[in-house]
Amino acid sequence: MRKPIQRMAVIFLAPALIFYLWMFIYPSLKAFYISLFDWNGFTSGMNFVGLKNFKELIGDSSFWNVAVKNSLLITFAGGAIIFSISFLLSAILSGKIRGKKFFRALIFFPSVINPIAIAILWTFIYNNKWGLLNNFLALFGITGKTWMDPSTLFWAILAAMVWMYTGFYCVILLAALDRVPESHIEAATLEGASEFTIFFKIKIPMIWDVLVTALTLWGINSVKEFALLYAWGGGVDIPPDGATNIAVRMYITAFGKRVTVYRMGYSTAMGVLMFLAVAIIVMVISVVMKREKLEY
């Protein structure tokens, strides 16, 4: 009886497995294959160079000091800010307050806006002369701030990124918090537990798996972040350092930017490194956040 069931399982799983092999495994192997060649991506001539692209990448100081550094800052500094705000907002909105659905929709709204539009919006906000931020600071006597200066550009973009993504992760946490049994909260309240204790000692442990999933999503998406950074630095031949991460650097190297660079092999080597970085981040999150399953 068991063998027919196993056969049926294989039959139903086969289409999904084939699709997975075609859409993920094959492109991944193909990317590593291309990274072993000196190729412009547009001609049939591919010159095999072995690990030369990876050796060059290891010695590329601008790649490590700018692209990798910015990617790590987005992942860890940006993630710390995003999840700190998400925890604060979810703690407030998970309580019994009026207009909860309205505030959830309001917080989530930036997540549905196109990143290009967000880049344009925040460029207006940061404008030195008539930007909203400088006009607001002028009310307190603070003037002359140049937010788009190379020394502050990355942090200006990171602030926009926090605004764009916080609502998404906040709503994920709120959806999980809504599933926490009310009986547990009532019992803790009767025992004299504070709202702070209830949130961090009862609610958070019960949504731990969702929290791990949210952190994993952020780890993946933060390394791949492209549109917002590219839109910010897209008007020049070479994007400024503050608007460059691994994904942007990879695109510029592969397809050029009004300059015929077209180094597909070298760019793909960056892609392989980015894939490994994402895999390491996901594994670290899985190990650090691992715990015994909580049943309730």
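No lab work stands behind these numbers, since they all come straight from the coordinates. Nothing here was measured: the structure is a model prediction, and the numbers come from that model. Because the Cβ atoms are built from the backbone with ideal geometry, glycine has one as well, and the counts that use them run over all protein chains shown.
Answer rounded, prolate or oblate for the range 138-215, using the Cα gyration tensor with square roots of eigenvalues a ≥ b ≥ c: rounded when a/c is under 1.5, else prolate when a/b is larger than b/c, else oblate. Walk me through the numbers on the way to the answer.
On the way: a/c = 4.27, a/b = 2.26, b/c = 1.89.
The shape class here is prolate.
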Practice prompt. State, to one decimal in nm, how far the label point of Glu191 lies from the label point of Lys96, with both points 7 Å from Cα in the Cβ direction.
Written response: 2.0
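Which pairs break 29 Å Cα to Cα here: Lys30/Lys290; Lys203/Lys224; Lys101/Lys129; Lys30/Lys52; Lys96/Lys290?
Values: Lys30/Lys290 33 Å; Lys203/Lys224 31 Å; Lys101/Lys129 37 Å; Lys30/Lys52 17 Å; Lys96/Lys290 31 Å.
The answer is Lys30/Lys290; Lys203/Lys224; Lys101/Lys129; Lys96/Lys290.
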Worksheet item: If you keep only loop residues by DSSP, which GluC sites (Glu not before Pro) in the range 158-191 have at most 16 other Cβ atoms within 10 Å of their Cβ?
Response: Glu191
Fill in: Debye log10 I(q)/I(0) at q = 0.09, 0.13 Å⁻¹ for the range 83-190, Cα point scatterers
-0.35, -0.64
Item to complete: For the range 240-247, take each phi angle, set θ = phi - 60°, evaluate the Karplus expression 6.51 cos²θ - 1.76 cosθ + 1.60, and give the result in whole Hz per residue in order, putting x for glycine and proline.
Response: x, 4, x, 10, 10, 9, 4, 5
Worksheet item: Lys/Arg Cβ at +1, Asp/Glu Cβ at -1, dipole of the chain taken about the Cα centre: which of Val171, Trp64, Leu158 is farthest positive-ward?
Response: Val171
Worksheet item: To the nearest 20 debye, what is the magnitude of the charge dipole of the chain about its Cα centre, counting +1 on the Cβ of each Lys and Arg and -1 on the Cβ of each Asp and Glu?
Response: 540
Worksheet item: In nm, to one decimal, how far is the Lys145 label point from the Trp130 one, both placed 7 Å along Cα→Cβ?
Response: 2.0
Worksheet, complete the sentence: For the range 148-254, listing trypsin sites (Lys or Arg not before Pro) in a DSSP loop whose Cβ sees at most 16 other Cβ atoms within 10 Å gives Arg179
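Pull out the extension gain between Arg291 and Ala227, defined as 0.36 nm times the separation in residues minus the alpha carbon to alpha carbon distance; nm, one decimal. Walk me through the numbers on the way to the answer.
Numbers: separation 64, 0.36 × 64 = 23.04 nm, distance 3.52 nm.
Stretched fully, the Arg291-Ala227 segment lengthens by 19.5 nm.
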Worksheet, complete the sentence: Going from the fewest other Cβ atoms within 10 Å to the most, one would list Ser286, Ser151, Ser71 as Ser151, Ser286, Ser71
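Restricting to DSSP loop positions (anything but H, G, I, E, B) with no more than 16 other Cβ atoms inside 10 Å of their own Cβ, which trypsin sites (Lys or Arg not before Pro) remain in the range 69-160?
Values: sites: Lys69, Lys96, Arg98, Lys100, Lys101, Arg104, Lys129, Lys145; in loops: Lys96, Arg98, Lys129, Lys145.
Passing sites in the range 69-160 are Lys96, Arg98, Lys129, Lys145.
Suppose the chain between Ser183 and Phe19 were pulled fully straight at 0.36 nm per residue; how much longer would it get relative to their current alpha carbon spacing?
Numbers: separation 164, 0.36 × 164 = 59.04 nm, distance 4.40 nm.
Length difference between fully extended and current span is 54.6 nm.
Where a ≥ b ≥ c are the square roots of the eigenvalues of the C-alpha gyration tensor, would you call the range 1-95 rounded, which needs a/c under 1.5, or, failing that, prolate if a/b is larger than b/c, or oblate? Intermediate results must be reported in sequence, preceding the final value.
Values: a/c = 3.49, a/b = 1.02, b/c = 3.43.
Oblate shape, in that a/c is at least 1.5 and b/c is the bigger or equal ratio.
Taking the Cβ-Cβ separation of Phe109 and Lys55 as r and a Förster radius of 51 Å, what is the calculated FRET efficiency to the nearest 0.05?
Details: r = 46 Å, r/R0 = 0.91.
That gives a FRET efficiency of 0.65.
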Worksheet item: Which entry is the computed Rg and Dmax of the Cα atoms in Å for this structure: (1) 31.4, 116; (2) 23.6, 80; (3) 23.8, 77?
Response: (2)
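Could you tell me the calculated FRET efficiency between Leu121 and Leu276, based on Cβ-Cβ distance and R0 = 45 angstrom, to the nearest 0.05? Intermediate results must be reported in sequence, preceding the final value.
On the way: r = 34 Å, r/R0 = 0.76.
Computed FRET efficiency for Leu121 and Leu276: 0.85.
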